[in-house]
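The values are calculated or read from the model by the stated rules, or taken from the named source; none is laboratory data. Remember, it's a predicted structure, so these values are computed and weren't measured experimentally. Neighbour counts run over all protein chains shown; Cβ positions are idealised from the backbone, glycine included. Quick note on the areas: whole protein, heavy atoms, side chains included, nothing else; ligands and nucleic acids left out. Shrake-Rupley method; radii C 1.70, N 1.55, O 1.52, S 1.80 Å.
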Amino acid sequence: MKKDYYEVLGIKKNANETEIKKAYRKKAVQNHPDKNPGDKASEERFKEAAEAYEVLSNTDKKAKYDRFGHAAFENGGGGGAGFGGMNMDDIFSQFGDIFGGHFGGGGFGGGFGGSRQVRVKGSNLRIRVKLELKDILNGVDKKVKVKRLVRAKGVTYKTCDTCDGQGSVTRITNTILGRMQTSAACPSCHGSGEIVDHRPQGANAQGLISKEETIEINIPPGVTDGVQLKVSGKGNEAPGNGITGDIHVIIQEVTHDKLKREGSNLHYDLYVSFPEAALGSSREIDTLTGKVRIKIEEGTQSGKILRLRGKGLESLDRYGKGDLMVHINVWTPKKLSKEQKEFFNKNKKDQNFAPNPSNSDKSFFEKVKDMFS
Ligand SMILES: [Zn+2]
């Protein structure tokens, strides 16, 4: 019976991304085979943790696992390939994310079939994605064309002669303090330990070519302008056995012509005529989920705010949806006919036309205060 992934990492079901990463980092360091040579049980735990992290750190896979458990990744379970094939190389490729790309070169040399170089990571790409409010409402899978560097077809790599595959070179210099030994990234292979052997036509010095690809970006609901999302492993590829970089997606919100956004709330300015406000009426307004008919009560004051609960946007940091505030503006006619002027002149002194605000006709400042409480 396979162990629960949350149990493997020792975290709660509602653990966030940072907690998952932290828990995995702890387990990986604890059970790293370099620290426990020959200890099969800790190697097993090391692999288990890597597998759990592989799933729980990926929004898609995590959602599948939360729904279907391990069955999600068994053959035909809808989750694609199983994890039987996850080898040490796969595990190490995760470490770029977790330990900042220099894990292999740090305190954990050797252990897995010889020495390990710094795994070079391909550079990250930055793209901007424009989103309409309706995309932000529900979240959206956006297909975007990106130009990325990929390993050219037919390219081969060989061990770097300069550093003999070590990725770093050691220099001994004589100083007044004595002989000093310094270690630096190899200038020929930039730390990867490999250089291009066969370079196909059109490829750059690292054996990479630029290729246009369409990638799908999974955008969650409620994102805000300027937010950055990371798509792991879709950036530029690295030469040799390096790890692929990431794509950083910067969200740009397209301004809506009617709805103004303020966090998860939306605001709508509705103009009604004086007769509509005085006699009462009903009006249809556009919301992000379609048209909604709202009632204008008899005797509605200008500045009144109608709050449509849950008609706003998803909030990224707290549960639930925001509201849509409809701001009523009573339109005062700018031009009147002779008869209309007569009508108003006749009623100028009438009690019904005299302003007489009651407690329920709150001032603008009180309304604003209410809105944020
Ligand atoms: Zn080298």
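Brief remarks follow.
- Of all residues in region 342-349, none are touching a residue at least 60 places away in the same chain (Cβ under 8 Å), among the polar types (S, T, N, Q) and surrounded by 11 or more Cβ atoms within 10 Å (Cβ to Cβ).
- Residues satisfying the stated conditions in region 191-206, i.e. open to solvent by less than 50 Å² (accessible area, probe 1.4 Å) and more than 13 Å from the ligand (Cβ to nearest atom): 200, 203
- Restricted to region 225-237, and to residues there that are closer than 30 Å to residue 190 by Cα and of a type in the set (D, E, K, R), the residue that is surrounded by the fewest Cβ atoms within 10 Å (Cβ to Cβ) is 230.
- Looking only at residues of region 211-258 that are of a type in the set (Lys, Arg) and under 18 Å from residue 149 (Cα atoms), we find that the one that is farthest from the chain's Cα centre (by Cα) is 211.
- Strands (runs of 3 or more DSSP E) lying entirely in region 143-214 (those with 2 or more residues that are under 18 Å from residue 243 (Cα atoms)): 156-159, 194-198
- The listed residue being open to solvent by 50 Å² or more (accessible area, probe 1.4 Å) and in contact with a strand residue (DSSP E or B) (Cβ under 8 Å, 6 or more places away or on another chain), out of 60, 39: 60
- Residue within region 268-277 that is of a type in the set (Asp, Glu) and within 24 Å of residue 352 (Cα to Cα) present: yes
- Pairing residues of region 273-288 that are farther than 16 Å from residue 309 by Cα with residues that are outside any strand (DSSP E or B) and of a type outside the set (A, V, I, L, M), at Cβ distances under 6 Å and at least 6 apart in sequence or on separate chains, gives 277/300; 280/297; 280/298.
For every residue, the table says whether it meets (1) within 16 Å of residue 232 (Cβ to Cβ); (2) at pLDDT 85 or above.
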| residue | (1), (2) |
| --- | --- |
| 37 | no, no |
| 48 | no, yes |
| 79 | no, no |
| 92 | yes, no |
| 96 | yes, no |
| 100 | yes, no |
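- Tally of residues being surrounded by fewer than 17 Cβ atoms within 10 Å (Cβ to Cβ) and within 8 Å of the ligand (Cβ to nearest atom) across region 147-167: 3
- Taking the conditions (1) open to solvent by 30 Å² or more (accessible area, probe 1.4 Å); (2) within 16 Å of the ligand (Cβ to nearest atom) in turn, residue 140 satisfies each one other than (2).
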